[in-house]
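Before any comments, here is the structure.
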Amino acid sequence: MKVIVLGAGIVGVTSAYQLAKAGHEVTVVDRQPGPALETSFANAGEVSFGYCSPWAAPGIPMKAMKWLFMKHAPLVLRPKLDMAMLSWMARMLSNCTSERYAINKSRMLRLADYSRIALADLRAETGIAYDERMQGTLQLFRTQQQLEASAKDVKALAADGIPYEVLDRDGSIRFEPALKHVRDKIVGGLLTPKDETGDCFKFTNALAAKAEALGVRFVYGTTIKALDVEAGRVRGVITDRERMSAEAVVVALGSYSPLLLNPLGIRLPVYPVKGYSLTIPITEASRAPESTVMDETYKIAITRLGDRIRVGGMAEISGYTNDLGLARRSTLEHSVTDLFPGGDVSKASFWSGLRPMTPDGTPVIGATKVAGLFLNTGHGTLGWTMSTGSARLIGDLVSGGQPEIDVRDLAISRYG
């Protein structure tokens, strides 16, 4: 079939690659001049198959109230008269129960573990390099209370057969030797050894080149105006340059997906949650992390990417704004210098991106009420982690095949 993929971020490019492998004639459309220039550009670098949890969790409402008064808060809320924001927040709060958390985390772990296999296969198939490391993620706890609260995550990991190890202070330092310099600031950690790291921008660009070699056509610098729908079936896409015909369309526009779907009466509960990152050159390797350390107190990931450290995280709910707040930079600098002192943060590059979050933390993958129109969006902070598995699923669904894992609870129909 002729298939158009909307969006050239990590989710869109992996989708295009899989669809081309399945024999389809694929075109990718994006407003940017190249791949991975928005949310995929400078994300945290985690490929966290095990460290994979919904933001909506028991206790989050109370924690959010406390965070409002923290100098270095992991969550920043800038409320406005925006019905989409208010509706999304209400739905998220309704998912902050033990029952919903267990359901949503299980969904996420299922897709993440499938993506782990898919990424390994793709890496073997293509040989692409992207500063990748396969050394795990250490969720680092500064307090005993945080260590004890990880029991709910341990339970979910065990139930889904995901390898993990609970570490004390010495065990955490054995895994990340540079932490010996701050041993008195930590009490332990939760290690998920199957997690990986890598530069999402490098990966996406390398895979886009492989996709082009398979015949995928990339149309950059093009604004998508509307979906062309006739008699309940998608017929193509209307851009600022032309009308493009297709037998199937995959929407992989991240936070902007709902804006395109609203005119069709498709209410996709995805809202932008802004994240920030610093990229810092490594000046002393022995004081840098070996893999990813997730600072649980500030919800910030500190990841080694080749000769750089990527410090990423935070959640700012402020709509479709992408300005760089200096207070957010201060929080990133505080986390990394507190755990890994000695680096020169003055040489860091500062970035922000809009993550497409669903209220339950699970992406939306599958068909819509419009024939031939498919969604692959809403991955939140885990687009890099879940991209390869999501692409396999969308490739199977568009082709009319049977996916290898259950996808029924990933579809938009779960929202009623």
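The values are calculated or read from the model by the stated rules, or taken from the named source; none is laboratory data. All figures in this text were calculated on a predicted structure; none of them were measured in a lab. In this analysis, Cβ positions are derived from the backbone assuming ideal geometry, glycine residues included, and neighbour counts consider all displayed protein chains. To get the accessible areas, we keep the full protein, side chains included, count just its heavy atoms, and leave off ligands, DNA and RNA. Shrake-Rupley method; radii C 1.70, N 1.55, O 1.52, S 1.80 Å.
Cα centroid distance between the range 93-133 and the range 341-416, in Å?
10 Å
Could you list, in their original order, any pairs among Lys71/Lys194; Lys155/Lys180; Lys63/Lys369; Lys155/Lys202 whose Cα atoms are separated by more than 32 Å?
As for pairs spanning more than 32 Å Cα to Cα, those are Lys71/Lys194; Lys63/Lys369; Lys155/Lys202.
Tally Lys/Arg at +1 and Asp/Glu at -1 over every other residue whose Cβ is under 12 Å from the Cβ of Ile186; what's the total?
Value of the local net charge: -2.
For the chain, what are the DSSP H helices with axial Cα length of 18 Å or more and mean Kyte-Doolittle hydropathy of at least -1.0?
Membrane-span-like by this criterion, though nothing is claimed about a membrane: 98-126, 200-213, 326-339, 383-398.
What is the sum of charges around Tyr17, taking Lys and Arg as +1, Asp and Glu as -1, for the other residues whose C-beta is under 11 Å from the C-beta of Tyr17?
Counting the neighbours of Tyr17, the net charge comes to +1.
So which chymotrypsin sites (Phe, Trp or Tyr not before Pro) in the range 60-159 are both in a DSSP loop and have at most 14 other Cβ atoms within 10 Å of their Cβ?
Phe69
At q = 0.23 Å⁻¹, what log₁₀ I(q)/I(0) does the range 358-416 have when each alpha carbon counts as one equal point scatterer in the Debye sum?
After summing over all Cα pairs, the log10 values are -0.95.
Accessible area, 1.4 Å probe, largest first: how do Leu93, Leu122 sort?
Solvent-accessible surface, decreasing: Leu93, Leu122.
If the only charges are +1 at each Lys and Arg Cβ and -1 at each Asp and Glu Cβ, what is the size of the charge dipole of the chain around the Cα centre, to the nearest 20 debye?
Charge dipole, the chain, about its Cα centre: 820 debye, nearest 20.
Given a 1.4 Å probe and the protein chains all in place, what does the accessible area of Phe350 round to, in Å² to the nearest 10?
Probe radius 1.4 Å; accessible area of Phe350 about 40 Å².
Per residue of the chain, what 222 nm ellipticity follows from adding -39500 (n - 2.57) for every DSSP H run with n ≥ 4, rounded to the nearest 500?
One gets -10000 deg cm²/dmol as the mean residue ellipticity at 222 nm.
How high is the relative contact order of the range 310-416, in percent, with contacts defined as C-alpha pairs under 8 Å that are six or more residues apart?
Relative contact order comes out at 21 percent.
Between Thr337 and Glu148, what is the FRET efficiency for a Förster distance of 30 Å, r being their Cβ-Cβ separation, to the nearest 0.05?
According to the calculation, E is roughly 0.65.
Once Lys and Arg get +1 and Asp and Glu get -1 on their Cβ, which of Phe201, Thr222, Ala156 lies farthest toward the positive end of the dipole of the range 134-236?
Thr222
Calculate the tail of P(r) for the range 71-160: the fraction of all Cα-Cα distances greater than 16 Å, expressed in %.
Value for the range 71-160: 74 percent of Cα pairs lie more than 16 Å apart.
What does the charge count around Lys105 come to, taking other residues whose C-beta lies under 13 Å from its C-beta (Lys +1, Arg +1, Asp -1, Glu -1)?
-1
Using only C-alpha positions, report the orientation-averaged shadow area of the convex hull of the range 182-296, nm², one decimal.
Projected area, direction-averaged: 12.2 nm².
Mind checking the full-extension length gain between Ser245 and Thr321? Use 0.36 nm per residue of separation minus the Cα-Cα distance, one decimal, nm.
Difference between extended and current length: 24.2 nm.
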